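S.K.: I have a structure here, written as structure tokens, and I will follow up with some questions on it.
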Amino acid sequence: MKPIKLKINTKTQKYSIIIGSNLITNISKILKENSINFKQCLLIVDKNISKQFISKIKRSLNKKKLYVHFFKASEMNKNFSNVNKILDILLNKNFSREDCVISIGGGVTGDTSGFAASLFKRGLKFINIPTTLLSQVDSSIGGKTGVNTKYGKNLIGSFYQPNLVISDVKFLKTLPKRELICGYGEILKHSLIANKNFYIFLDKNIDKIFKLSSPFIEKAIYESCKIKKSVVEKDEKEKDLRKILNFGHTFAHAYEASLGYSKKLNHGEAVILGMQSALSFSLKNKLIKKNDYYSILKHISKANLPSKIKKFFKIKDLNKILSFMAKDKKNTSNKINLVLLKKIGYPIINKEYKKNNLSEFIKSELRN
Ligand code: NAD
Ligand code: ZN
């Protein structure tokens with residue numbers, strides 16, 4: 001299958017996302033086709049990427065002067081100290097604004113490297129090569145970069161668009177199933193907030209997508225990116241429309257935080273649970289079409305995705321969950337602001353509910 005190109009036009013940058021298989025053997029050609037030039041580059045590489053892939057990338061860039069910095073990707077390491085290490089290398093090797101940082105890894109590596117790139121001399125060239133499904137469909141689009149601090153996740157950062165994104169599905173072959181599920185949660189989210197036909201495609205081809213069969217996996221990534229693209233192009237700095245991307249996320253953040261961001265529940269799994277909570281809450285408030293609600297539940301069960309919050313929480317966790325929901329950085333007052341669903345493809349934003357309403361709802365979810 002030929003690579004697919006998606007052009008992103010934000011106010012600050014125009015760039016392309018190239019989606020395909022085996023792209024990393026052709027990086028030089030892709031750079032030329034996209035008129036991207038630099039003399040030297042720093043590859044920031046997730047330590048879990050196979051050495052074989054890295055050799056291919058190095059071979060493909062053999063005309064450039066290149067340095068490699070290995071990075072142990074984890075939420076703990078997505079911090080200022082690792083940004084500093086990257087900046088140190090760039091300064092030490094005399095990088096200029098015309099040179100390039102290339103991130104090769106998942107969202108953690110991309111967010112950290114992109115943030116460092118935005119800071120170095122107020123910004124040098126940045127290429128993102130996302131290697132997880134989540135980073136290919138979500139974090140590599142939209143220009144949000146940043147790090148965690150002891151006060152919370154992603155609280156420090158910048159908006160900085162890359163010059164190019166290369167999404168090679170070959171990387172996904174070494175990705176653990178759980179990480180695939182995590183990325184799939186965001187793909188499903190995109191379909192639910194924007195495109196019923198895409199949802200129907202996912203429902204029909206779910207097995208092929210999880211088997212990474214071509215062209216199904218490429219199409220799932222492409223359609224998903226297209227949805228995020230259209231949202232971020234219209235609302236680059238997260239004013240209003242971009243809120244729809246938070247579908248399921250107010251619940252999800254509270255679930256993750258209540259478990260102390262432990263390995264028991266990762267972000268994508270929390271999003272899948274969070275979307276189900278948002279759907280049940282939509283049903284309870286008679287907002288969503290019943291057929292759509294039951295179709296989505298069936299899909300989640302067919303795909304074997306996490307589905308019951310009571311597997312992770314007990315009634316005693318209720319207050320913790322609620323207080324994290326109220327603290328979610330996207331909430332502006334004591335009321336809880338939710339993104340809900342009217343029908344597949346039609347989200348509702350800016351719905352505010354009192355903590356009491358939600359307390360009753362979550363209690364009933366935990367009992368059911
Ligand atoms: P990640 O980068 O931590 O990767 C998950 C795990 O997979 C890591 O252990 C990593 O080493 C490993 N890995 C990466 N590529 C691999 C491969 N090809 N084969 C085998 N293992 C591989 O996490 P993620 O899920 O990609 O991204 C999550 C991060 O993205 C979070 O920090 C989140 O805050 C951020 N995020 C950012 C945005 C944004 O808009 N910038 C959006 C969503 C999420
Ligand atoms: Zn998410």
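The values are calculated or read from the model by the stated rules, or taken from the named source; none is laboratory data. Keep in mind the model is a prediction, meaning the values are calculated, not measured. A quick note on method: Cβ atoms are made from the backbone with ideal geometry, for glycine too, and the neighbour counts reach across all protein chains shown. Just so you know, the surface numbers come from the protein's heavy atoms only, side chains and all, with ligands and any DNA or RNA stripped out. Shrake-Rupley method; radii C 1.70, N 1.55, O 1.52, S 1.80 Å.
S.K.: Are there any pairs, at least 6 apart or on different chains, whose C-beta atoms fall under 6 Å, with the first in segment 339-368 and within 24 Å of Lys189 (Cα to Cα) and among the small types (Gly, Ala, Ser) and the second open to solvent by 80 Å² or more (accessible area, probe 1.4 Å) and not in a strand (DSSP E or B), and if so, which?
M.R.: Gly345/Lys196
S.K.: Name the residues in segment 274-285 that are within 16 Å of ligand 1 (Cβ to nearest atom) and among the hydrophobic types (A, V, I, L, M, F, W, C), would you?
M.R.: Met275
S.K.: Still on this model: Among the candidates Lys286, Lys363, which residue alone is in a loop (DSSP other than H, G, I, E, B) and farther than 30 Å from Leu133 by Cα?
M.R.: Just one listed residue meets the conditions, Lys286.
S.K.: Still on this structure, please answer the following. Among what's in segment 242-283 and is over 23 Å from Ile296 (Cα atoms) and touching a residue at least 60 places away in the same chain (Cβ under 8 Å), pick the residue that is most open to solvent (accessible area, probe 1.4 Å).
M.R.: Per the criteria, the residue is Tyr261.
S.K.: So, in segment 88-134, how many residues would count as being free of Cβ contacts under 8 Å to residues at least 60 places away in the same chain, open to solvent by 30 Å² or more (accessible area, probe 1.4 Å) and of a type outside the set (Val, Ile, Thr)?
M.R.: Result for segment 88-134: 10.
S.K.: Ser191 - would you say it is buried (at least 24 other Cβ atoms within 10 Å of the Cβ) and touching a Pro at 6+ places or on another chain (Cβ under 7 Å)?
M.R.: no
S.K.: Go through (1) surrounded by fewer than 20 Cβ atoms within 10 Å (Cβ to Cβ); (2) touching a Cys at 6+ places or on another chain (Cβ under 9 Å); (3) of a type outside the set (Phe, Trp, Tyr) for Ser140 and report which single condition fails.
M.R.: Unmet for Ser140, out of (1) surrounded by fewer than 20 Cβ atoms within 10 Å (Cβ to Cβ); (2) touching a Cys at 6+ places or on another chain (Cβ under 9 Å); (3) of a type outside the set (Phe, Trp, Tyr): (1).
S.K.: Please enumerate the residues belonging to segment 162-185 that are buried (at least 24 other Cβ atoms within 10 Å of the Cβ) and either under 19 Å from Phe53 (Cβ atoms) or not small (Gly, Ala, Ser) (or both).
M.R.: Listed by number, the residues that qualify are Pro162, Val165, Ile166, Ser167, Asp168, Phe171, Cys182, Gly183, Tyr184.
S.K.: From the list Lys327, Lys316, Lys335, Lys289, pick out the single residue that is within 25 Å of the chain's Cα centre (by Cα), more than 16 Å from ligand 2 (Cβ to nearest atom) and open to solvent by 30 Å² or more (accessible area, probe 1.4 Å).
M.R.: Matching residue, one of Lys327, Lys316, Lys335, Lys289: Lys327.
S.K.: Taking the condition of being in contact (Cβ under 8 Å) with a residue 60 or more places away in the chain and within 19 Å of the chain's Cα centre (by Cα), how many residues in segment 187-219 meet it?
M.R.: 11
S.K.: In segment 194-216, which residues are in a helix (DSSP H, G or I), surrounded by fewer than 23 Cβ atoms within 10 Å (Cβ to Cβ) and either aliphatic (A, V, I, L, M) or assigned by TED's automatic domain parsing to the domain that holds Ser50 (or both)?
M.R.: If the condition is that a residue be in a helix (DSSP H, G or I), surrounded by fewer than 23 Cβ atoms within 10 Å (Cβ to Cβ) and either aliphatic (A, V, I, L, M) or assigned by TED's automatic domain parsing to the domain that holds Ser50 (or both), then Ile200, Ile206, Ile209 are the ones that fit.
S.K.: Another question, then. Would segment 74-90 turn up any residue that is touching a strand residue (DSSP E or B) at 6+ places or on another chain (Cβ under 7 Å) and closer than 21 Å to Ile24 by Cα?
M.R.: no
Okay, residues lined up against (1) among the small types (Gly, Ala, Ser); (2) surrounded by 16 or more Cβ atoms within 10 Å (Cβ to Cβ):
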{"position": "Asn285", "(1), (2)": "no, no"}
{"position": "Asn304", "(1), (2)": "no, no"}
{"position": "Ser307", "(1), (2)": "yes, no"}
{"position": "Ile344", "(1), (2)": "no, yes"}
{"position": "Ile348", "(1), (2)": "no, yes"}
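S.K.: Here's another thing I want to ask about it. Take segment 168-216 and flag every residue that is within 14 Å of ligand 1 (Cβ to nearest atom), β-branched (Val, Ile, Thr) and either farther than 20 Å from Asn266 by Cβ or touching a Cys at 6+ places or on another chain (Cβ under 6 Å) (or both).
M.R.: Correct list: Val169 only.
S.K.: When you scan segment 223-241, how many residues do you find that are in a helix (DSSP H, G or I), open to solvent by 50 Å² or more (accessible area, probe 1.4 Å) and either within 12 Å of ligand 2 (Cβ to nearest atom) or in contact with a strand residue (DSSP E or B) (Cβ under 9 Å, 6 or more places away or on another chain) (or both)?
M.R.: The total comes to 3.
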